[in-house]
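Engineer: Handing you this structure, nothing more for now.
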Amino acid sequence: MARLSNAALAAAGTRKVLLPREGLRPGIVHLGLGAFARAHTAVFTEDAMLATGSSDWGIVGVTQRSDTVARQLAPQDGLFTVAERGGGAAPLRVVSSIVEAISGKDHPETVVDRIAAPTTHVVTLTVTEKGYRIHPQTGSLNTDDEQVQADLAGLPPQTAIGQIARGIQQRARAGGGPLTVLSCDNLPGNGELTGTLVRAFAAALPDAESGPLLAWMDEHVTFPSTMVDRMVPATTGGDLDAVERELALRDEAAVVAEPFMQWVIEDNFAGGRPAWEKAGALFSTDVAAWEAAKLRLLNASHSMLAYLGLATGKATISDAVGEDAFRTACSRMMAEDALPTIWLPPGLDGELYCTQVLERFANPELGHTTAKVGSDGSQKIGLRLLTTVRATLDAGREPRWAALAVAAWMHHVASTPEAELNDPLAAGLHAALPVTRSAETVVPALLGFSSIFDGELAAHPGFTNLLLHWYRIIDTQGLGGLRNEINHG
Ligand code: CS2
């Protein structure tokens, strides 16, 4: 089967790209060219260009740790397919907004050049929580991280923050125009956070470099926050084969996604930007509230289903939410623990949102695995669940359901061999675990892991008791015990 490319599409004559690639100029550098970016940011940007007739917002995509996507896109002229799955799915779509794909690992200097290029106005990022290199205690840049240190020492930058800072530095030296850095990761206040990290990087450089860089950034660079939403599972071989059957071409870079997608953006751009509002994005002054709601309702429930599912042999999120008791636990976590502790932005109906989230999880065609959503738990549970736990305890109530999710994560960590635990802190977590594993030994050991649990939370007797209670049930009674306890508890 011929490979997807402009020429192959033209030769097949059956399908056209929506946005012809000729004449498309690069305007955005995107760091973290994973499946999510292709199914979300690249689609919104293509739609914005289609809606306005502009051709100035082609995307230069940069892969981070692995060069796979850059290699997949190279022989395809940057083209890839988005296959929506589930009720209301649109027909297959070939997206052409990516004009160049670079392996950041292999060509870090090219990444710096592209960020500094006068044609670039926006840098977007989807590098996942761990890609930011945040120090667990200070919340700022982790200058103990070896790669951060290498980037600071002046080696070709490998971290996203190093690439942005060095790109801005080169831009400043060349007298380039303003730049907007737009984080699209599931982190609260992701814009402010990214600004803090890039400034911390600049401040850690020798004085002669840091002064001018920080001053230029204050004048010319902004870091708006955004909330992004679309469930995008890892593409499987079966997905690629299904796309091939429909497209009649082989696309190694195809992505599958749910039909739903949302983007809420803070309107604080230093220079030009695509008209993303014409593509359905919402510009809002309440992005922090949108992000908190999404993290503590959608992502928190997602993690809960992932760890309950992993503990009970359910491979996908739709299988997990199909278990009535787990659906109930999610509903109650959202309604009783999370919703009373968050402020909802105008335009967001809390109850309706929770119902819709559960419906989206139930999408039987998506194949979003519990293993994928359960990965990197050490980076996720603090933002998604412990925020709610703390706020609920502060309000004098029991975070019963959020504690169930945390206990299920603990069980996942303790019952997964270190080599199989997909988490950047796997080695440290395993080093903290006792040899004999039960609720009584695992819960206090993991509560003592200070980059996740602060001292006050770790010492809270009510929270500890909830964790012990749920851990025992998961560990000794499994699904039957959970059903019983959730339904009658
Ligand atoms: C998921 C998210 O893998 C995960 O941790 O919770 O990627 C989730 O699918 C997206 O945030 C949905 O917008």
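Engineer: Could you please let me know if Val373 is within 30 Å of Asp239 (Cβ to Cβ) and among the hydrophobic types (A, V, I, L, M, F, W, C)?
Structural biologist: The answer is yes for Val373.
Engineer: Of the residues that make up region 305-315, is at least one farther than 22 Å from Leu386 by Cβ, touching a Phe, Trp or Tyr at 6+ places or on another chain (Cβ under 9 Å) and open to solvent by 10 Å² or more (accessible area, probe 1.4 Å)?
Structural biologist: yes
Engineer: Applying the selection to region 190-209, what residues are in contact with a Ser or Thr (Cβ under 8 Å, 6 or more places away or on another chain) and open to solvent by 20 Å² or more (accessible area, probe 1.4 Å)?
Structural biologist: Result: Glu192, Leu193, Thr196, Ala200, Ala203, Ala204.
Engineer: Here is a further query. Test of understanding: among Ala242, Ala208, Ala254, Ala248, which residue is farther than 30 Å from Ala10 by Cα and away from the ligand (no atom under 16 Å from the Cβ)?
Structural biologist: Sole residue among the options that is farther than 30 Å from Ala10 by Cα and away from the ligand (no atom under 16 Å from the Cβ): Ala208.
Engineer: State all residues of region 170-189 that are open to solvent by 10 Å² or more (accessible area, probe 1.4 Å) and either closer than 22 Å to Asp113 by Cβ or free of Cβ contacts under 8 Å to residues at least 12 places away in the same chain (or both); if no residue qualifies, say none.
Structural biologist: Gln170, Ala172, Arg173, Ala174, Gly175, Gly176, Gly177, Pro178
Engineer: Name every residue in region 210-223 that is open to solvent by less than 50 Å² (accessible area, probe 1.4 Å) and either more than 28 Å from the chain's Cα centre (by Cα) or not assigned by TED's automatic domain parsing to the domain that holds Leu182 (or both), in order of residue number.
Structural biologist: Ser210, Gly211, Leu213, Trp216
Engineer: Now for a different question. Of (1) within 25 Å of the chain's Cα centre (by Cα); (2) under 27 Å from Ala315 (Cβ atoms); (3) more than 16 Å from the ligand (Cβ to nearest atom), Ser438 satisfies all except one. Which?
Structural biologist: With respect to (1) within 25 Å of the chain's Cα centre (by Cα); (2) under 27 Å from Ala315 (Cβ atoms); (3) more than 16 Å from the ligand (Cβ to nearest atom), Ser438 is out only on (1).
Engineer: Okay, moving on. Which condition number in (1) open to solvent by 20 Å² or more (accessible area, probe 1.4 Å); (2) touching a Phe, Trp or Tyr at 6+ places or on another chain (Cβ under 9 Å); (3) within 13 Å of the ligand (Cβ to nearest atom); (4) over 21 Å from Ala89 (Cα atoms) is the one that Met261 fails?
Structural biologist: (4)
Engineer: Got a sec? Which of Ala311, Ala279, Ala293 is within 16 Å of the ligand (Cβ to nearest atom), of a type in the set (Gly, Ala, Ser) and touching a residue at least 40 places away in the same chain (Cβ under 8 Å)?
Structural biologist: Ala293
Engineer: Somewhere in region 464-479, is a residue surrounded by fewer than 19 Cβ atoms within 10 Å (Cβ to Cβ) and in a loop (DSSP other than H, G, I, E, B)?
Structural biologist: So far as region 464-479 goes, no, none of its residues is surrounded by fewer than 19 Cβ atoms within 10 Å (Cβ to Cβ) and in a loop (DSSP other than H, G, I, E, B).
Engineer: Evaluate the following for Thr180: is it of a type in the set (Val, Ile, Thr), under 23 Å from His40 (Cβ atoms) and assigned to a helix (DSSP H, G or I)?
Structural biologist: In short, no.
Engineer: Tell me, which residue of region 332-375 that is acidic (Asp, Glu) and surrounded by fewer than 19 Cβ atoms within 10 Å (Cβ to Cβ) is farthest from the chain's Cα centre (by Cα)?
Structural biologist: Among those residues, the one meeting the criterion is Glu336.
Engineer: Can you name every residue in region 1-40 that is open to solvent by less than 70 Å² (accessible area, probe 1.4 Å), touching a residue at least 60 places away in the same chain (Cβ under 8 Å) and part of a loop (DSSP other than H, G, I, E, B)?
Structural biologist: If the condition is that a residue be open to solvent by less than 70 Å² (accessible area, probe 1.4 Å), touching a residue at least 60 places away in the same chain (Cβ under 8 Å) and part of a loop (DSSP other than H, G, I, E, B), then Ala2, Leu4, Ser5, Arg15, Val17, Leu19, Arg21, Leu24, Gly32, Leu33, Gly34, His40 are the ones that fit.
The values are calculated or read from the model by the stated rules, or taken from the named source; none is laboratory data. Just so you know, these numbers come straight off a predicted model, no measurement behind them. As a convention, Cβ positions derive from the backbone with ideal geometry for all residues, glycine included, and neighbour counts pool all protein chains shown. We work out accessible area using only protein heavy atoms, side chains counted, and drop any ligands, DNA or RNA first. Shrake-Rupley method; radii C 1.70, N 1.55, O 1.52, S 1.80 Å.
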